[in-house]
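Readers should treat all values here as calculations from the given coordinates under stated rules, not as data from a laboratory. What you are looking at is a predicted structure, and each value in this text was computed from that prediction instead of being measured. Backbone-built Cβ (ideal geometry, glycine too); neighbour counts: all protein chains shown.
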Amino acid sequence: MHSHSPPPPGHQHMKTPLTGLCDSLNSPVSPCCPLYLRGVAPRQNRSPSTPILQQQHSMSRQTDHQHLDDERIRLQRSLVALECANVLAWKAHDALDRQRVSDQNEIDRLQLQLSDLLKTNNDRSEIMVAIAKQCQRQMESIDDTTERLRELDWSRLSIEKFPDDILRLIIMQATRSRPKFRWTAMGVCRHWRAVAETTPSLWSDIRIRFADHDEGLLDVARRALTFGGQSAIRMEFLFGPRPSRAHDGWNDGWPPADNAWGTPTQTPAAPPNWMTWGTNGYPIDDKPNYEFAFDYVNAVVPHLPRCHELLWYVHNPGPGYSSPRDPEMWTWEASWIFRQMRTVDLSNLKRLEVDLGERYRGNHHPKAVGAVCYAAQNLTYIDLRFARWKPIRTTALQSLHLVSCEIAFDQLLSALADQHSLLSLRIWCCHFFRRARNPDSDDESLSESSKSHRIIRLPSLEEFVYNWNSSNVNEMLFFSRLSCPNLVRAVLRWSEAWEVLLSEVLGFFLRSTQLAELALSLRTSPSLEPIFQGLPSVRRFLGLINPGPESYGGSIGLSFLEAASAPGILPSLKHLALQCTPPEDALLTWVEDRRSSTQTEDLLTFSGAVTVEDVGNQEWKDALRELGVEIEEENGWDEELIYWPDVKPKRYF
């Protein structure tokens with residue numbers, strides 16, 4: 001006997017034709033059954049006539065039930081397959097719908113891009129139209145010029161007959177690359193000379209060589225100053241070795257500087273005593289020519305009121321050339337200029353550069369330069385080298401650069417107190433000193449410094465450079481008196497220990513709340529850590545080293561890492577440069593600690609001794625790049641701010 005398998009779960013809820021048929025077979029026969037309709041009523045409770053028939057009947061019914069169960073299972077499987085196919089169809093439908101939405105978004109993006117391209121194309125079309133119109137105007141101008149040239153019969157026009165405007169352009173263009181060409185042009189013909197003489201801008205740059213005591217050169221200077229009329233000029237005062245009163249013009253066969261016509265001069269015979277002459281043809285025993293000094297100054301001083309830029313250079317040939325009677329290299333020209341400064345109006349002078357030379361020890365030039373500084377009440381730029389600081393009246397300074405100058409402490413602070421527009425302040429190796437007040441003098445600049453520590457506020461200062469090779473009380477007072485709330489860039493360099501200035505420098509940094517770039521001499525970590533704690537806004541840092549045994553071997557760089565490893569130190573630092581690179585492993589650890597800290601910014605760039613190409617460990621460089629740090633060979637700082645400022649070109653002498 002075959003046993004019937006139980007129906008699957010939920011089978012009673014499936015209403016299919018097959019299940020209905022099965023239900024009708026298992027249910028009692030209804031009077032409406034077709035058997036009743038044929039007149040054959042089902043037998044109830046009737047046993048078969050024989051056991052064999054009963055057994056056959058039972059087997060037939062079991063077979064029918066088995067077939068129905070098999071059919072039901074087959075239909076159920078078909079239903080499950082259809083339902084799975086339906087689910088897969090819906091998934092495909094959803095995927096196609098998502099693809100449709102994505103395609104629609106892409107179409108919208110392309111339409112916007114197409115709209116932008118069309119707009120750009122229209123803008124370009126408008127630009128092309130404007131260019132075409134401009135080209136048309138230029139072509140019309142060229143046609144007019146061509147027609148004018150035809151009228152002038154250009155092919156047969158001599159150089160003397162060039163139009164004035166064309167001549168003026170030719171002369172000015174040639175003079176830009178060769179200043180002496182203006183004198184060459186004046187020697188062509190009367191027409192060219194007239195054009196050159198009536199072009200004031202051609203004579204806007206005048207160089208006066210006070211050492212050239214020659215009648216021809218003095219006449220050249222007078223005419224050059226006269227041709228400029230009343231237009232603004234730039235003047236250079238060059239004080240070189242002077243020839244003596246008996247100088248006969250012998251100069252080794254070369255024409256004098258700025259020769260009026262650019263023609264070589266005849267070489268006279270050498271003086272009898274050859275050994276008394278220097279290498280440049282001037283006698284070593286130098287005696288001032290007072291008449292020429294007076295004439296030069298009288299020719300130059302009347303034109304100073306229209307000077308907007310003045311360069312004052314003194315050339316010191318060295319102790320081997322200096323005269324025994326004139327060891328301090330003073331000149332009468334500087335003395336005469338100093339005497340006339342009281343009556344000269346220098347209100348148009350904006351820029352002043354002075355270089356008295358490293359060997360100069362005289363008094364005439366410092367006094368004359370001080371008189372110029374005091375008379376120029378509208379100066380915006382002052383650059384003094386190897387000079388002495390004198391009182392100034394200008395309150396419009398934007399740049400003040402002092403190199404190896406002697407500075408009265410109170411005079412400088414008094415001048416800075418009035419400079420509310422000062423943008424750049426650079427002090428290189430200057431000597432500060434204080435002098436007591438002279439009771440017999442009315443000069444308030446000589447008074448002793450005030451006991452009150454009034455803060456000097458420089459609201460516009462953005463750049464501050466300070467370089468010195470020692471520490472003293474005047475430096476301490478200087479840093480304690482300055483306040484620069486908008487300072488952006490600072491360079492502080494010492495060649496000796498500056499721990500004595502620690503509190504003053506820290507106070508200076510705390511008052512500079514906007515400081516973003518700092519270059520600082522590195523010392524031991526105990527002196528660096530308090531400084532770094534007062535630098536929350538610094539984004540770029542350069543660690544400077546000074547010559548000495550302690551500056552090598554990475555010890556100074558390691559001191560930086562030790563001082564900068566405390567939590568919250570230099571939180572905004574992104575660009576680091578060290579002239580003395582610390583140990584590589586220590587630097588990598590420091591960079592990793594900054595990346596994992598939530599109080600500091602990630603380091604972006606690094607420059608050091610081991611970052612130069614073909615130097616250092618390549619694996620270490622790769623590890624640094626993996627931490628997100630770009631290696632730069634240049635530290636990103638202007639060399640003139642870090643190293644000694646450029647000296648003036650020697651071509652002037």
Q. Hey, can you rank 132-143, 575-586 by average C-beta count inside 10 Å, highest first?
A. 575-586, 132-143
Q: Please arrange Leu570, Leu561, Leu117 by counting, for each residue, the other beta carbons lying within 10 Å of its beta carbon, fewest first.
A: Leu117, Leu561, Leu570
Q) For the pair Leu604 and Asp165, what calculated FRET efficiency results from E = 1/(1 + (r/R0)^6), where r is the Cβ-Cβ distance and R0 = 45 Å, to the nearest 0.05? A) 0.20
Q: Note the per residue figure in Å³ for the convex hull of the C-alpha positions in region 106-154.
A: 42 Å³
Q: Using the number of other C-beta atoms within 10 angstrom as an exposure proxy, rank Leu167, Leu510 with the fewest first.
A: Leu510, Leu167
Q. Under a 5 Å amide H to amide H cut-off, with H placed in plane at 1.01 Å, what residues pair with Arg426 once short-range neighbours are removed?
A. Leu400, His401, Leu402, Val465
**Q.** Extended-chain gain in nm, criterion 0.36 nm per residue less alpha-carbon gap, Thr513 and Ser347
**A.** 56.2 nm
(Q) Please arrange Ser503, Ser537 by how many other C-beta atoms lie within 10 Å of their C-beta, fewest to most. (A) Ser503, Ser537
Q.
What distance in nm lies between label points placed 7 Å from Cα along the C-beta direction at Leu88 and Ile107?
A. 3.0 nm
**Q.** Computed label-point distance, nm, for sites Met128 and Arg74 using a 7 Å Cα→Cβ extension
**A.** 7.6 nm
(Q) Can you give me the long-range amide H partners of Asp205? Hydrogens built in the peptide plane at 1.01 Å from N, cutoff under 5 Å, separation of 5 or more residues or another chain. (A) Arg234
